[in-house]
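Colleague: Take this structure, written in structure tokens, and hold onto it; I'll ask about it next.
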Amino acid sequence: MPARDRVQVLVTVKAQPALSTKHGEVVCVAGIRLDRGRSEWIRLFPVQFRDLDRVVQFAKYQLLDVTVSRARSDTRPESYTPDMSSVVLGDVIDTGPSRSWRRRWEYLQPLADTTTMCALNRGQRDGHPTPSLAMLRPAVVLGVDVVDTPDFTTAQRNLAETAAAADLFGDAREPLEPSPFTVRYRWRCLEPGCGGHDQMCVDWEVGGAARRWLRSKSRDAVHEQLLKKWQDELCGAGRDPYFFVGNQHKYPQSYLILGVFWPPHDPARHQQRLF
């Protein structure tokens, strides 16, 4: 049996739910590990989030204690398998006085801007040891695209229905549906000469917001509202956006944007020296 550790995690990312033939409906969670005297990235997978009791359905930027073991088939050093029955929730780290985000920044600052997107891609391409999670500040956000998400295939829909079916205790839920829209970012990282990156954002909040808004708005109106939120608000004037990025187990050279950290602009933050 793999060794088990008790870890403390600040959750920074909950990706959109995915379907697995082995685990059913699962969520990938990433965050900052805090129990070893330094900030480290950690990935928790699989998390069957909608199966959790509501009292332990944790939020982003919430502290939690959980027992984990090293992932068996995932060789990325940041990846662990959580025992979700062991979760104890802690405080939610809010945006603090005057919504400055300073409390969150205190946790995240040691891991921000330690590399670039170009360097991550180069390391994976050349077979060098390369982080699978990072927090990167874009030099410029060139644009945001909101596109329709393809519907599930028949196989995916069958898998979603199986995962949502009643268990031994008679508990069932609505089958998972694909996010109505996908958000993609076009951006340049801080590496000199960066030719630009085009990456999908897989933050669960994108799909959640789209479904919620579609209850009362047209698809065109929701499209515009998503663009306003993920472009104008998160990456607009007066904000210092950072991207949480992570690669995929089966496709390590493919990095996705897992979420956006978007504190108010602070000139002092930009005076920190990269690396």
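The values are calculated or read from the model by the stated rules, or taken from the named source; none is laboratory data. In this text the structure is predicted, and so the values were computed from the model without any measurement. All Cβ positions, glycine included, derive from the backbone under ideal geometry; neighbour counts span all protein chains shown.
Colleague: Hey, residue 75 hits all of (1) free of Cβ contacts under 8 Å to residues at least 60 places away in the same chain; (2) under 30 Å from residue 180 (Cβ atoms); (3) surrounded by fewer than 16 Cβ atoms within 10 Å (Cβ to Cβ); (4) hydroxyl-bearing (Ser, Thr, Tyr) but one; which does it fall short on?
Modeller: Residue 75 satisfies every listed condition except (2).
Colleague: Taking interchain pairs and intrachain pairs at least six residues apart, which have beta carbon atoms under 8 angstrom, with the first residue in region 215-230 and free of Cβ contacts under 8 Å to residues at least 12 places away in the same chain and the second part of a helix (DSSP H, G or I)?
Modeller: Short answer, once both residue conditions are applied: 217/225; 221/213.
Colleague: Out of the residues in region 108-140 that are surrounded by fewer than 18 Cβ atoms within 10 Å (Cβ to Cβ) and among the β-branched types (Val, Ile, Thr), which is farthest from residue 255 (Cα to Cα)?
Modeller: 140
Colleague: Moving on to the next point. Restricting to region 43-70, count the residues that are in a loop (DSSP other than H, G, I, E, B) and in contact (Cβ under 8 Å) with a residue 12 or more places away in the chain. Can you show your working first?
Modeller: Here is the first cut: in region 43-70, the residues in a loop (DSSP other than H, G, I, E, B) are 48, 52-53, 57-61.
Still in the running and in contact (Cβ under 8 Å) with a residue 12 or more places away in the chain: 48, 52, 58-61.
Going through region 43-70 one residue at a time, the tally reaches 6.
Colleague: So, one more: Being in contact with a helix residue (DSSP H, G or I) (Cβ under 7 Å, 6 or more places away or on another chain), farther than 23 Å from residue 209 by Cβ and in contact (Cβ under 8 Å) with a residue 24 or more places away in the chain is true for just one of 119, 134, 112, 139. Which residue is that? Let's see the steps before the verdict.
Modeller: On the way: 119 fails: in contact with a helix residue (DSSP H, G or I) (Cβ under 7 Å, 6 or more places away or on another chain); 112 fails: in contact with a helix residue (DSSP H, G or I) (Cβ under 7 Å, 6 or more places away or on another chain); 139 fails: in contact with a helix residue (DSSP H, G or I) (Cβ under 7 Å, 6 or more places away or on another chain).
Within the list 119, 134, 112, 139, the selection yields 134.
Here is a yes/no grid of residues against (1) within 29 Å of residue 261 (Cβ to Cβ); (2) at pLDDT below 95:
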residue: 150; (1), (2): yes, yes
residue: 164; (1), (2): no, yes
residue: 171; (1), (2): no, yes
residue: 194; (1), (2): yes, no
residue: 202; (1), (2): yes, no
residue: 213; (1), (2): yes, no
residue: 225; (1), (2): yes, no
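Colleague: Here is a follow-up. Take the residues of region 236-249 that are within 17 Å of the chain's Cα centre (by Cα) and in a loop (DSSP other than H, G, I, E, B): which is surrounded by the fewest Cβ atoms within 10 Å (Cβ to Cβ)? Walk me through how you get there before you give the answer.
Modeller: In the first step, residues of region 236-249 are kept if they are within 17 Å of the chain's Cα centre (by Cα); the result is 241-249.
Among the residues that remain, those that are also in a loop (DSSP other than H, G, I, E, B) are: 241, 248-249.
On the way: 241: 19, 248: 14, 249: 16.
Among those that are within 17 Å of the chain's Cα centre (by Cα) and in a loop (DSSP other than H, G, I, E, B), it is 248.
Colleague: Do we find a residue being of a type outside the set (Ser, Thr, Tyr), under 20 Å from residue 16 (Cβ atoms) and more than 21 Å from the chain's Cα centre (by Cα) anywhere in region 133-153?
Modeller: Yes, some residue in region 133-153 is of a type outside the set (Ser, Thr, Tyr), under 20 Å from residue 16 (Cβ atoms) and more than 21 Å from the chain's Cα centre (by Cα).
Colleague: If we scan region 222-241, do we find a residue that is among the small types (Gly, Ala, Ser) and closer than 20 Å to residue 30 by Cβ?
Modeller: To start, the set of residues in region 222-241 that are among the small types (Gly, Ala, Ser) comprises 236-238.
From the residues that got through so far, the ones that are closer than 20 Å to residue 30 by Cβ too are none.
No - not one qualifying residue is present in region 222-241.
Colleague: Out of the residues in region 78-107 that are of a type in the set (Val, Ile, Thr) and buried (at least 16 other Cβ atoms within 10 Å of the Cβ), which is farthest from residue 46 (Cα to Cα)?
Modeller: Taking region 78-107 as the starting set, the residues that turn out to be of a type in the set (Val, Ile, Thr) are 81, 87-88, 92-93, 95.
Within this subset, residues satisfying the condition of being buried (at least 16 other Cβ atoms within 10 Å of the Cβ) are 81, 87, 93.
Numbers: 81: 6, 87: 14, 93: 24 Å.
Out of the qualifying residues, it is 93.
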